[in-house]
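The values are calculated or read from the model by the stated rules, or taken from the named source; none is laboratory data. Fair warning: this is a prediction, and the values are worked out from it, not measured in the lab. Cβ placement follows ideal geometry from the backbone for every residue including glycine, while neighbour counts extend to all protein chains displayed. Quick note on the areas: whole protein, heavy atoms, side chains included, nothing else; ligands and nucleic acids left out. Shrake-Rupley method; radii C 1.70, N 1.55, O 1.52, S 1.80 Å.
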Amino acid sequence: MVTGDVKLIGSWASVFVMRARIALNLKSISYEFLQETFGSKSELLLKSNPVHKKMPVLIHADKPVCESNIIVQYIDEAWSSYGTSILPSLPYDRAIARFWAAYIDDKWFIALRSILTAQGEEEKKEAIAEVEERTEHLEKAFIECSNGKPFFNGDHIGFLDIALGSFLGWWRVVELDANHKLLDETKTPSLFKWAERFCNDPAVKPLMPDTANLAEFARKLFPKPQP
Amino acid sequence: MGETEEVKLLGVWYSPYAIRPKIALRLKSVDYDYFEEDLFGSKSELLLKSNPVHKKVPVLIHNNKPILESLNIVEYIDERWNTSGPSILPSHPHDRAQARFWSAFVDDKWFPALKAAAITKSEEAKEKGMKEVEGGLLQLEEAFVSISKGKPFFGGEAIGFMDICLGSFVGILKAREKLKGEKLLDETKVPSLCKWADQFLSDDTVKNVVPEIDKVAEFLGELEVRAQLISDFKNLRSTFKSNGRVM
């Protein structure tokens with residue numbers, strides 16, 4: 001088992017960084033968190049991720065690992081005997097988890113973000129409808145994967161919980177911006193209850209950013225055009 | 001194992017993504033039934049039932065359970081038949097992370113850039129796009145040299161995950177060379193990748209799986225004609241509409 005110092009380059013506001021941090025928490029791994037400054041990229045980041053120049057980057061025993069879902073899988077494999085399993089154990093369940101994690105990033109998140117970048121009410125309404133439709137897919141996925149248990153991964157938080165749950169802070173911010181419920185207790189009741197359980201998990205609670213702080217950060221990142 | 005394994009694969013002969021599970025199944029010596037879909041006609045009931053979210057190929061159906069997304073399918077095959085054939089993913093966590101990283105680079109950045117450059121009507125966008133594609137190949141050349149450490153494949157002695165991922169596009173690159181004289185696999189720029197590409201195509205697990213280059217070139221040519229016809233039709237229709245006639 002390779003142990004060695006662990007660093008994580010990231011930002012408190014980033015969904016993708018949070019994924020790595022939750023995974024490290026689940027495995028009880030101590031690490032040095034290197035907070036990037038908004039608006040500039042550190043030398044270490046540019047050196048460790050020359051291809052994409054993006055966070056998060058996990059540096060373990062001086063070797064960088066990039067891309068949030070890849071980092072989470074790495075953490076699960078490198079520290080496989082620590083804490084609980086992050087990926088499910090059966091090949092088929094792992095395939096399902098990876099499929100939905102890709103759906104979340106490639107389809108669901110894109111729709112969520114387009115609410116914030118929408119120009120005009122018409123575009124915003126369309127984006128909201130798309131998010132609602134895709135969230136319903138995720139409700140079905142949750143029911144299928146959880147099999148009556150509290151999380152996508154069963155009794156404990158796992159890969160798919162982390163993939164979606166890390167968005168909860170931003171999910172709330174976009175809800176406020178859209179002035180429209182995007183995680184609706186009546187439309188997606190299972191996901192709604194899962195969200196509360198996820199946020200209260202000890203591996204997640206200290207990391208979930210305050211909604212007001214995140215909303216202020218969102219205004220910097222997605223400035224509204226001046227009338 | 002004792003249980004009867006029923007393995008079906010839904011695909012289309014021309015899709016690089018559908019080639020991937022075929023190679024993986026070959027590496028693991030797994031027998032399967034192949035079903036050719038008609039994506040230009042209508043999609044089969046089985047496809048729509050197995051992949052209701054995306055309605056895309058490839059789909060692997062193992063004992064009636066569908067597995068979707070080409071690289072996901074490859075990982076599944078590697079894990080499910082882990083005692084058979086070579087390991088497709090490397091064994092060390094860091095090497096696995098690298099294989100996943102570069103395959104994500106190929107699928108999320110490199111190939112989409114090639115596709116966009118191929119489709120665009122703007123000369124400027126095409127030039128910019130092709131520069132990105134060439135730059136990507138240089139990065140992949142570097143990655144190959146560093147990962148393979150003198151061995152023939154990304155996976156070492158045998159074909160592995162990254163070989164399958166990038167290798168599935170070699171046919172298209174060689175077909176485009178035939179069709180357009182565009183030499184992306186240039187020995188002067190990416191010599192190691194060129195050698196690797198030839199080694200990949202001549203490997204036993206790949207030889208009868210990847211379609212013939214001539215056939216792919218012909219298909220790409222047909223696609224281009226079709227796209228042009230659709231674009232011409234759309235232009236014609238909007239001309240009629242703006243002249244007050246409705247088609």
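At the listed q of 0.09 Å⁻¹, the Debye profile of the protein assembly as shown, built from one uniform point per Cα, gives log10 I(q)/I(0) equal to -0.69.
Once the Cβ-Cβ distance of B:THR239 and B:LYS180 is raised to the sixth power relative to R0 = 30 Å, the FRET efficiency obtained is 0.55. Where is the GNM fluctuation largest for chain B (alpha-carbon springs, 10 angstrom cutoff): B:LYS22, B:LYS189, B:LYS234? Of B:LYS22, B:LYS189, B:LYS234, the Gaussian network model singles out B:LYS234 as fluctuating most.
Between A:GLU32 and A:SER81, the modelled label-to-label distance comes to 2.7 nm, taking each label 7 Å out from Cα in the direction of the beta carbon.
Bridging of B:LYS109 to aspartates and glutamates at a Cα separation below 18 Å is possible for A:GLU67, A:ASP105, A:ASP106, B:GLU69, B:GLU127, B:GLU132, B:GLU134, B:GLU141, B:GLU142, B:ASP163, once same-chain residues fewer than 8 apart are set aside. Applying the Karplus relation 6.51 cos²θ - 1.76 cosθ + 1.60 with θ = phi - 60° to the stretch A:171-188 yields 3J(HN,Hα) values of 4, 5, 4, 5, 4, 5, 5, 7, 6, 7, 5, 10, 10, 9, 4, 7, 8, 10 Hz, where x marks Gly and Pro. Each of B:PHE144, A:ASN213, B:ALA104 was scored by the projection of its Cα onto the charge dipole of the protein assembly as shown, and the greatest displacement toward the positive side belongs to A:ASN213; charges sit on the C-beta of Lys, Arg, Asp and Glu. For the cross-link pairs A:LYS181/B:LYS121; B:LYS189/B:LYS234; A:LYS63/B:LYS151; A:LYS140/B:LYS207; B:LYS28/B:LYS183; B:LYS56/B:LYS128, the ones whose C-alpha atoms lie over 31 Å apart are A:LYS181/B:LYS121; B:LYS189/B:LYS234; A:LYS140/B:LYS207; B:LYS28/B:LYS183.
Compute the distance from the alpha-carbon center of the stretch B:169-220 to that of the stretch A:46-70, in whole Å. Computed from Cα coordinates, the inter-centre distance equals 31 Å. When B:TRP81, A:TRP194 are compared by accessible area at a 1.4 angstrom probe, the order from most to least is B:TRP81, A:TRP194.
Our compactness index for chain B, the C-alpha radius of gyration over the empirical 2.2 N^0.38 Å, is 1.11.
Buried surface for the B/A pair, taken as the accessible area of each chain alone minus that of the pair with a 1.4 Å probe, is close to 2200 Å² in total.
Classify chain A from the C-alpha gyration tensor, please: rounded if a/c falls under 1.5, else prolate or oblate depending on whether a/b exceeds b/c. It is oblate, given that a/c is not under 1.5 and a/b is not larger than b/c. Placing a label point 7 Å from the Cα of B:ALA227 along the Cα-to-Cβ direction, the residues of the stretch B:2-31 whose backbone N falls under 16 Å of that point are B:15-16. The mean number of partner chain beta-carbon atoms within 10 angstrom of a residue's beta-carbon across peptide B:93-105 is 6. Rg/Rh for the stretch B:128-239 stands at 1.08; both radii use Cα atoms, and Rh follows the Kirkwood definition.
Let me know the shape class of the stretch A:38-148, please: from the alpha-carbon gyration tensor, a ≥ b ≥ c as square roots of the eigenvalues, rounded when a/c is under 1.5, otherwise prolate if a/b is greater than b/c, or oblate.
oblate
The accessible area of A:PHE38, taken with all protein chains in place and a 1.4 Å probe, comes to roughly 110 Å².
From the square roots a ≥ b ≥ c of the eigenvalues of the alpha-carbon gyration tensor of the stretch A:143-227, which class results: rounded (a/c under 1.5), prolate (a/b over b/c), or oblate? In terms of gyration-tensor shape, prolate. Panel values: the stretch A:1-80, Kirkwood radius from alpha carbon pairs, Stokes-Einstein at 4 °C and 1.567 mPa s, translational diffusion coefficient 104 µm²/s. Placing unit charges on the Cβ atoms of the charged side chains and taking the dipole of the stretch B:48-206 about its Cα centre, the candidate lying farthest along the positive direction among B:MET162, B:PRO66, B:GLY135 is B:PRO66. In the stretch B:61-159 the Cα-Cα distances spread across 10 Å bins starting at 0 as 14, 35, 30, 18, 4, 0 percent of all pairs. Taking 11 Å as the cut-off, the amide N atoms of the stretch A:3-33 that come nearer than this to a point 7 Å along the Cα-to-beta-carbon line of A:HIS156 belong to A:26-28. Give the separation of the Cα centroids, the stretch B:21-67 to the stretch A:120-149, in Å. Using only Cα atoms to place each centre, the spacing works out to 26 Å.
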